[in-house]
Every structure is written in structure tokens, then in C-alpha cells.
Amino acid sequence: MLNMQRNNKRFFEQPYLFFLIYSIFIMLFFTHSSPLFAMHYWVDSNSFFTVGKGMVNGLVPYRDLFEQKGPFLYGLHAIASLISDTSFLGVYLLEAIVMFLNLSMAYKISRLYLNWLPSVVVALFLPIFLLNQGSFAFGDSAEEFSIPFLMTFLYIILKHFKLQSDTPFSWKVFFINGLLIGCVFWIKYTLVGIWIGFYLAVLIICISKKSWRELLNAVVFTFFGLVIATLPWFVYFGINHAIKDVIDVYIKFNLFTYSSELGTLGKLLNSAVIFGRAFNGNIEGKILMLIGMTAFIFTKKYLVNANQKWFFYCSVVFTIVGVYFGGRSYPYYFLIITPFSLFGLIAIADFIQNKLKPEIEGLNKGRWFSLSIVALTAFYLCFGVNANIEYSKFYMKDPLPQQTFANIMRQEPNPTLLNYGALDGGFYLAADITPNIRYFQSQNIDHALYPENMDEQHRYIKEGLVQFVVVRLFGLTPPEQVDIPHLADRYELVSQQDQLLGGTQFRYLLYKKVK
């Protein structure tokens with residue numbers, strides 16, 4: 001009977017159901033994937049969804065649909081399209097699960113150093129930093145879906161340091177890390193920097209201690225985990241005779257069209273400059289990360305020796321270098337770095353826990369009421385860093401260009417579409433069209449480096465391979481100024497509509513084939 005009572009008590013002490021409900025609730029307001037939004041305004045997300053939906057309809061990424069992110073990301077959007085192929089409802093549910101996993105791992109990491117109540121509070125406050133619009137943007141990024149893997153890595157390593165101190169990492173640790181690396185690599189390979197830092201520390205420490213067995217375990221079992229995570233994609237693309245397309249697009253295209261031409265030293269210096277700008281632009285995260293790094297590296301309260309501090313430091317630094325080494329910078333790049341704010345939250349909570357121990361113990365008696373107040377407070381504070389709700393149905397009442405054009409295109413029995421000269425603007429989704437062309441959009445690259453993208457789009461227009469063409473113009477450019485090869489020969493303008501998005505004015509034109 002006593003054991004049953006203890007088990008029941010432990011069950012009700014677990015905050016995971018609370019985290020799940022909280023995640024489902026807050027993501028309603030802060031991601032454009034939410035049912036509260038008429039559509040997802042981010043072109044990247046629409047690109048991912050179009051490719052994922054294409055996978056469900058038998059098309060193969062890279063071979064049939066040209067996009068440059070990893071296949072795991074497209075696979076997630078394929079799952080989302082099975083839930084709803086005409087909305088982002090499935091993506092919203094996936095994002096809610098991702099947030100739930102982040103909160104759960106934040107709680108588990110915090111419990112290594114804090115009591116129950118402060119640990120839950122830390123987890124509930126973490127979304128304030130994860131949802132910062134300067135890096136979260138509209139939601140549904142490769143970085144967002146990679147964060148749970150990074151958080152799992154941090155928990156595994158910090159748990160080892162807390163419980164086993166300086167004993168060598170077991171083969172299970174390396175195997176799990178291999179799985180984690182493989183998953184993130186096939187989402188976006190520039191996000192694996194945290195593991196590069198970790199394994200660099202493993203290499204240096206093993207060589208200095210002549211711990212050859214641990215080094216061998218690191219190589220062998222990490223490789224096994226990586227292979228298992230990669231095998232499904234090898235089989236999928238192998239069956240579809242598209243392995244060469246994966247290499248040509250996901251690896252070569254990204255390396256040669258997105259990477260800076262600077263040398264290694266120049267890239268390192270450039271990455272420091274780019275990161276510095278992003279870091280200074282995320283004030284809340286900046287403060288918490290500095291507090292956390294100071295507490296974990298310059299005290300012995302959390303990491304007790306130089307080896308542990310070296311592992312932690314290398315992991316953080318190489319996360320940053322991996323993201324910015326290529327020389328490009330978009331606001332959402334910083335999102336993968338925001339989880340390090342957790343350590344500042346832990347340090348502050350630890351300080352408060354020690355200073356106000358009697359008061360906190362008093363709150364334990366009504367802990368779920370206290371947590372409800374904390375959760376509502378944290379939720380309210382999220383609006384201070386994320387204003388995505390301003391794009392929701394509550395604010396935007398007029399029909400969107402995507403909806404207007406979709407109504408026209410749906411009048412045809414089997415419409416086909418080209419999203420010309422820009423990334424996917426959501427017109428494929430709104431009209432429920434799966435592309436019949438490989439270059440269904442124009443990548444955000446220097447087209448002089450890869451002219452095939454626009455050359456093929458011009459060929460589609462010249463040969464009339466699509467029934468409709470959507471053209472995006474900046475500002476209020478009149479349609480008469482549109483100068484697209486062959487467009488006037490085969491297509492006529494049937495609709496146009498303006499849209500203000502993120503402070504930028506766009507004009508969308510819809511052309512229909514007439515001959």
C-alpha cells in the first residue's frame with residue numbers, strides 16, 4: 001500500500017502532462033502554423049510543406065522538386081500533410097510536440113541542479129527565449145525542429161557529469177549521439193556544430209590521457225548510430241534512384257552556392273562578426289547566456305573540473321561556428337543557439353532557491369496553483385518578444401492574395417502553377433496544387449552561380465508547361481513593367497493583389513495561359 005501511495009505521488013509530481021497542455025496552448029498564439037492564422041506567411045515553410053506534400057504524392061525531393069534543406073525536414077512535413085494537406089494544422093501539432101519536448105528536456109536538465117518547483121518554473125520560462133521573434137520568426141524552421149535533439153544531447157552529457165563525474169562515457173552515450181547527429185544532419189547539416197565541439201573535446205582529452213579504448217568507442221558507436229539514422233534515407237533515395245540528386249543538391253549545391261568564398265581564417269572572423277550582431281540583437285537571450293556561461297564555466301557549482309568545462313565550452317562555441325561559418329546570416333539562424341539561455345535561468349533559479357528556501361517550500365503545498373500562475377505569467381511575457389498574433393485571423397480580415405488566386409485557379413479541372421522568381425509564397429498550398437515541374441520556385445541564391453534555376457523557369461513559360469504563373473513584385477510596381485521572357489507570348493494577366501508583410505509591400509500578379 002505504501003509503495004502504491006509513493007508511486008501515485010510520483011505520478012502526480014510529473015509535470016509532463018502540464019507541459020503538453022501548455023505547449024499546445026502557447027503555440028496557438030506564436031506560430032503561423034496555428035489554426036488561428038489564415039495561412040503561413042513564411043516562404044521557407046511553404047517550400048518545406050510543398051515538398052513534403054509532394055513526397056506523399058510520389059514526388060522525390062531534389063530529383064522532382066528542387067529544394068535544399070534536409071530530407072528529414074521534408075519527411076516531417078509529409079507527415080503534417082497527411083494530417084491536413086490544405087492547411088498547416090499538422091505542422092502546428094508537430095511544433096507543439098517540439099515545444100513539449102523542449103520543456104521536458106529543460107525540466108530534466110534543471111532537475112540535475114534544482115528542486116522540483118524551480119525546475120518546472122525554469123522550463124515554463126524557457127519559451128520566452130525560444131519564441132523570440134528575432135530568431136523564431138514565423139515558426140516552422142529547420143532550427144526549431146533541431147532543438148529537441150540538441151537539448152537531449154545536453155541532458156545526456158550533463159547527467160553523465162553530474163552522476164558519474166570523470167568516468168569515461170559509455171558506448172550508449174556515443175551511440176545515442178550518433179543517432180542525434182544523424183537526425184540533425186538530415187534536417188540541416190550546419191546545425192551539427194555542437195557535436196563537432198563535443199567530439200573535438202573527446203579527441204583532445206582521450207589523446208592527453210591516452211584513453212584509446214574510449215576514443216575507439218567514440219568512433220565505432222557514434223558511427224553505428226549515424227548509420228542507423230541515415231539508413232532510412234539511403235533506402236528511400238536508393239529505391240527512387242535519387243542518391244546522386246541528394247549529393248548534388250543537399251551537399252554540393254549548399255556548399256558551393258551558400259558558402260562564403262573567404263578562407264578558413266576569414267570565415268572564422270566573419271562568423272564572429274555575424275554572430276556578434278545576432279547576439280546583440282537578442283538582448284534577453286544575450287543576458288541569460290552570459291549569466292549561464294559564467295556560472296557553468298567559472299564556478300565549480302555545476303561543472304566540477306576542467307574536463308567538464310572544456311566539453312561544455314567547446315559544445316557552445318562550435319554550435320555558433322557551425323551556424324555562421326558559411327558566411328550567411330538570417331535572423332532564424334540564431335534560434336539553435338537560444339537553448340543556451342536555459343543555463344542562465346538555472347543559475348538564477350538556483351540563487352533564488354538558496355536565498356528563499358523557506359518561501360519556496362511553502363509554495364510546494366499549492367504547487368499546481370503556483371505553477372498555473374507562473375505559466376500564465378510566462379505566456380503573457382512571450383507576447384513581449386513575439387508579435388506573430390498580429391498576422392492572425394483576429395487582425396487580418398481581407399482575403400489574402402493566395403486565397404483570391406486559389407479561387408481563380410480552382411475553376412480549372414487540374415490546374416498547374418509556377419511560382420516565378422521567388423520562394424514559395426503559399427499559392428501551391430492555397431490552391432491545393434502539387435507542382436508538375438522541378439523548379440517550382442526560385443531559390444534565394446545568386447543566380448549567376450546557378451543559372452539553371454531561372455533558365456528552367458523561363459523554359460516552363462516558353463513551352464507553356466504550366467497553366468498559371470504567379471509573379472511577385474516589390475512595392476507597387478505596375479504590371480506593365482514586368483519583363484519576363486516569353487510571358488507575354490503565352491499568358492495574360494487575370495488578377496493582381498497587394499499584400500503588406502513584415503513591413504514590406506508586395507504586389508502579386510496571376511497570369512493564365514491563353515495559347
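The values are calculated or read from the model by the stated rules, or taken from the named source; none is laboratory data. Not measured: the values here are computed from a predicted model. Positions of Cβ are backbone-derived with ideal geometry, glycine not excepted, and every protein chain shown enters the neighbour counts. Areas reflect the complete protein model, heavy atoms only, side chains present, ligands, DNA and RNA absent. Shrake-Rupley method; radii C 1.70, N 1.55, O 1.52, S 1.80 Å.
Computed values, structure above
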{"quantity": "Extension reserve of the residue 216-residue 463 stretch, reckoned as 0.36 nm per residue once the Cα distance is removed", "calculated": "83.1 nm"}
{"quantity": "Radius 10 Å from Cβ of residue 429, net charge of other residues (Lys, Arg +1; Asp, Glu -1)", "calculated": "-2"}
{"quantity": "Amide H contacts under 5 Å for residue 433, placed H, 5+ residues apart", "calculated": "none"}
{"quantity": "Gained length - residue 356 relative to residue 412, 0.36 nm times residue gap less alpha-carbon distance", "calculated": "13.3 nm"}
{"quantity": "Karplus-derived 3J(HN,Hα), 6.51/-1.76/1.60, for each residue of the stretch 15-27, Hz, glycine and proline x", "calculated": "x, 5, 5, 4, 4, 5, 4, 4, 5, 4, 6, 5, 5"}
{"quantity": "Shape box of the stretch 383-459 [Cα atoms, principal axes, largest first, Å]", "calculated": "42, 38, 15"}
{"quantity": "Accessible area expressed per residue, the stretch 368-486, with surrounding protein chains retained (probe 1.4 Å, Å²)", "calculated": "48"}
{"quantity": "Span per principal axis, largest first, for the Cα atoms of the stretch 96-242 (Å)", "calculated": "47, 42, 22"}
{"quantity": "Kirkwood hydrodynamic radius (C-alpha pairs) into Stokes-Einstein, the stretch 166-217, 4 °C and 1.567 mPa s, D in µm²/s", "calculated": "110"}
{"quantity": "Built amide H within the under 5 Å cut-off of residue 505, gap 5+", "calculated": "475"}
{"quantity": "Under Karplus coefficients 6.51, -1.76 and 1.60, residue-wise ³J(HN,Hα) of the stretch 466-474 in Hz, glycine/proline x", "calculated": "10, 7, 10, 10, 9, 10, 9, 10, 8"}
{"quantity": "Cα gyration tensor category, rounded, prolate or oblate, for the stretch 31-127 with a/c compared to 1.5", "calculated": "prolate"}
{"quantity": "Residue-by-residue Karplus 3J(HN,Hα) for the stretch 57-66, coefficients 6.51, -1.76, 1.60, Hz, glycine and proline x", "calculated": "9, x, 8, 10, x, 6, 6, 9, 10, 8"}
{"quantity": "For the chain, size of Cβ-based charge dipole, Lys and Arg +1, Asp and Glu -1, in debye", "calculated": "1980"}
{"quantity": "Charge dipole of the chain about the Cα centre (unit charges at C-beta), most positive-ward option of 349, 61, 81", "calculated": "349"}
{"quantity": "Largest-first principal axis extents, alpha carbons of the stretch 300-459, Å", "calculated": "71, 42, 22"}
{"quantity": "Where only alpha carbons of the stretch 67-183 are counted, the Rg and the Dmax (Å)", "calculated": "16.4, 53"}
{"quantity": "Stretchable slack from residue 241 to residue 304, in nm (0.36 nm times residue separation minus alpha-carbon distance)", "calculated": "17.5 nm"}
{"quantity": "Computed magnitude of the charge dipole of the stretch 131-204 (debye, nearest 20; Cβ of K, R +1, Cβ of D, E -1)", "calculated": "240"}
{"quantity": "Cα-based equivalent ellipsoid of the stretch 284-327: semi-axis lengths in Å, sorted from largest, via gyration tensor", "calculated": "22, 15, 5"}
{"quantity": "Long-range HN-HN contacts of residue 494 with modeled amide H, under 5 Å", "calculated": "510, 511, 512"}
{"quantity": "Zone of residue 224's modelled label, taken as backbone nitrogen in the stretch 173-189 under 17 Å from a point 7 Å along Cα→Cβ", "calculated": "173-182"}
{"quantity": "Efficiency of FRET from Cβ geometry, residue 313 and residue 369, R₀ 41 Å, rounded to 0.05", "calculated": "0.55"}
{"quantity": "Surface per residue (accessible, 1.4 Å probe) for the stretch 215-303, Å²", "calculated": "59"}
{"quantity": "Pairs beyond 19 Å (Cα-Cα), from 53/393; 393/512; 108/162; 53/462; 462/515", "calculated": "53/393; 393/512; 53/462"}
{"quantity": "Calculated FRET efficiency for the pair residue 387/residue 84, C-beta based, R₀ 25 Å, to 0.05", "calculated": "0.45"}
{"quantity": "Per-peptide average of other Cβ atoms within 10 Å, ordering 96-102, 501-507 highest first", "calculated": "96-102, 501-507"}
{"quantity": "Förster-model FRET efficiency, 25 Å R0, residue 482 and residue 449, C-beta, rounded to 0.05", "calculated": "0.50"}
{"quantity": "Over the stretch 181-243, volume per residue of the alpha carbon convex hull, in Å³", "calculated": "77"}
{"quantity": "Descending semi-axes in Å of the stretch 188-335, equivalent ellipsoid built from Cα gyration tensor", "calculated": "30, 25, 14"}
{"quantity": "Apportionment of accessible area to carbon and sulfur, the stretch 328-477, percent (1.4 Å)", "calculated": "58"}
{"quantity": "Cα-based convex hull, the chain, per residue volume (Å³, whole number)", "calculated": "174"}
